[in-house]
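Values quoted throughout were computed directly from the atomic coordinates according to the rules given, and no laboratory measurement underlies them. This one's a predicted model, so the numbers in the text were calculated from it and none came from an experiment. When we count neighbours, we look across all protein chains shown, and the Cβ atoms used for this are built from the backbone with ideal geometry, even at glycine.
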Amino acid sequence: MNWIDTHTHIYLPEFEQDRNEVIERAKEVGVEHLLLPNVDLSTVDDLLALCDQNPQTCFPMIGLHPCSVKEDFREVLEKLKVIIETERTRIIAIGEIGVDLYWDASTLKIQEEAFRQQIEWALTYELPIAVHIRNAFEDTLRIVQDYDDRGLRGVFHCFTGNAEQAKWLQSRGYYLGIGGVATFKNGGVREILHLLDQSLVILETDAPYLAPTPFRGKRNEPMHIPRIAETLAEAWNAPLNQVAEITSNNAKRLFNHA
Ligand SMILES: [Zn+2]
C-alpha cells in the first residue's frame, strides 16, 4: 500500500533529533510522499533543505500561515513571492494559507488581504491552495466564493466542519484533508466520513500536531497515516488498500507532484 501524507511539518525543530528516522519509519509503513506546507519566512530554508535532501519523498508548498500574518505581511509576501518564482518548478501548492480567528480575531482584515493575494498567486502559477481555517468558516467561504469562476483548486486541510460545510466545499470541487481528529471520539468528523465524496478526500497528519488516537497528545508523525486511514476504511466499509488507492490517487491529481 502506498500512502501520501499531504500535510506534514517535519522540517520544524520538533524533529531536529530524529528527522531521518521519522522519514524511514514512514516509508516502512508505506507512506512514500510527504507534502510540506510552509508557515512563514523563518521556516522556508529548512523546508526547502529537507526537499533537497529527499527529492523523491518531500515536496514543498510555499505560503504564509494566517497566524503568521502580522503588520509587516506585505513585505513578507513580497519575499515569499520571489522564492516561489525562483523555485517554481518544484513547488506543488500555495500553502498553508487561510483565515484563523481562534487566536486573534482582530487581524481578520489583514488575514483576508494576505489570503486573497496568495490565492491570486495560485491562479497565476496554476497551483492548488492548502487552506487552514479555524473559527472562520463563514469568512473563508465568502472569500473563496469570489474565485468560483476562475478555476481555483485546493484542499481544506484538517477538515473539522459539519456535513453541510463538507458538501458546500466538495460541490465546488475542493478536497478535504482528513487527519487525526477523525479518530477522536466526539471529534465531530468521524460521524460524517461516510457522507463524503470519496474522490475529494486526502489524508494528512499535520505532524507534529493532532496525533490520532491512541497517540493523542504525543508528537505526531507521518507513520500514523495508516492509523487515520483505518477510521476511513471503517466509515466507508472498504478495505484499507482501497482507501490507500483512492486517497493517494486523489492527492496526485490535486498536487500533480509525482
Ligand atoms: Zn499545518
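Just ASP72, ASP52, ASP100 to compare: in a GNM of the chain, with alpha carbon springs under 10 Å, which one fluctuates most?
Most flexible of the set in this elastic network: ASP72.
Roughly how many nanometres apart are two label points built 7 Å out from the Cα toward the Cβ at SER171 and ASP45?
4.8 nm
Starting from the Cα of TYR125, step 7 Å along the direction of its Cβ; do the same at ASP146; then give the gap between the two resulting points in nm.
Spacing of the two 7 Å Cα→Cβ label points: 2.1 nm.
So, R0 is 51 Å and r is the distance between the beta-carbons of ASN162 and THR86; what FRET efficiency does that work out to, to 0.05? Working shown, then result.
On the way: r = 41 Å, r/R0 = 0.80.
Between ASN162 and THR86 the formula returns 0.80.
How high is the FRET efficiency from ASP18 to LYS79, r the C-beta distance, R0 35 Å, rounded to 0.05?
0.70
Given 0.36 nm per residue, what is the gain on full extension from GLU245 to ASN2 after removing their alpha carbon distance, in nm?
Taking GLU245 through ASN2 to full extension adds about 86.8 nm, to one decimal.
How do ILE97, ILE91, ILE228, ILE110 rank when sorted from fewest to most other Cβ atoms within 10 Å of their own Cβ?
Least crowded to most crowded, the residues run ILE110, ILE91, ILE228, ILE97.
Taking the Cα centre as origin and putting +1 on Lys and Arg beta-carbons and -1 on Asp and Glu beta-carbons, what dipole magnitude results for segment 210-258, to the nearest 20 debye?
Its charge dipole is roughly 220 debye.
Segment 3-255: percent of C-alpha pairs farther apart than 24 Å? Walk me through the intermediate numbers first.
Numbers: 13581 of 31878 pairs.
The answer is 43 percent, as a whole percent.
Simple spin-label model, 7 Å along Cα-to-Cβ: LYS70 to ARG25 in nm?
3.2 nm
Output the antiparallel fraction of DSSP beta bridges having both residues in the chain, as a percent to the nearest 5.
0 percent
Can you tell which of PRO222, PRO37, PRO55 shows the greatest fluctuation in a Gaussian network model of the chain with Cα springs below 10 Å?
Evaluated over the chain, the most mobile residue of the options is PRO55.
Within segment 65-82, which residues have the backbone N less than 12 Å from the label spot 7 Å out from TRP103 along Cα→beta-carbon, could you tell me?
Correct set: 65-70.
Grab the other residues whose beta carbon is less than 13 angstrom from that of TYR102, score K and R as +1, D and E as -1, and report the net. Mind dumping the intermediate values first?
Numbers: positive: ARG134; negative: ASP100, ASP104, ASP139.
Local charge sum for TYR102: -2.
Could you work out which residue, out of THR160, THR205, THR86, moves most in a Gaussian network model of the chain, that is, has the largest mean-square fluctuation with Cα springs under 10 Å?
The residue that fluctuates most here is THR86.
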